[in-house]
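The structure appears right after this line, and notes come after that.
The values are calculated or read from the model by the stated rules, or taken from the named source; none is laboratory data. If you're wondering where the values come from, they're calculated on a predicted model, not measured in any experiment. Here the Cβ positions follow ideal geometry from the backbone for every residue, glycine too, while neighbour counts run over all protein chains shown. Surface accessibility is based on the protein's heavy atoms, side chains included, excluding ligands, DNA and RNA. Shrake-Rupley method; radii C 1.70, N 1.55, O 1.52, S 1.80 Å.
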Amino acid sequence: MAAPAYPAWVTRWVSGQWRQKKRPPVIRPTRPLVLANRVANRKEQAGEATCITEMSVMMACWKQNDFSNSACAEEIRTFYDCVAKAEKERREKTKEDILEPRGNLTSSKVNRLLRRFPNITRYV
């Protein structure tokens, strides 16, 4: 009994000869393979809301006194003091050391580091 006659491409495919002619693809990057001097700003995690209690007390006072600022001066002052204190704490937190032991950096901190240590684009 004679073996069936297959086309030539089938015998090459089965024997693996087609693989010898293939070369790995040449990779040509579209842009230079260097770090950019900045990263995209991504939305940072929402922080904890501050002064909610003071704001709700102030709004309740406004509602009771027909939105009169003079009648609610104490509540308004308390709310503004709380906002100023929270803003001061937030600024002090950003002035802390840029590297944290946790490892993940926000995009603003990465941009700050890249401004301090930019890519060398030319040699001296």
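Tabulated data for the structure shown
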quantity	calculated
Candidate set from the range 39-82 (those that are among the basic types (Lys, Arg) and in a helix (DSSP H, G or I)); member that is least open to solvent (accessible area, probe 1.4 Å)	77
Hits in the range 91-114 - residues which are at pLDDT below 80, charged (D, E, K, R) and surrounded by 10 or more Cβ atoms within 10 Å (Cβ to Cβ)	100
Unique residue being in contact with a helix residue (DSSP H, G or I) (Cβ under 7 Å, 6 or more places away or on another chain) and either at pLDDT 90 or above or hydrophobic (A, V, I, L, M, F, W, C) (or both) when the list is 53, 78	78
Qualifying positions in the range 48-85 - touching a residue at least 24 places away in the same chain (Cβ under 8 Å) and within 30 Å of residue 112 (Cβ to Cβ)	50, 51, 82, 83
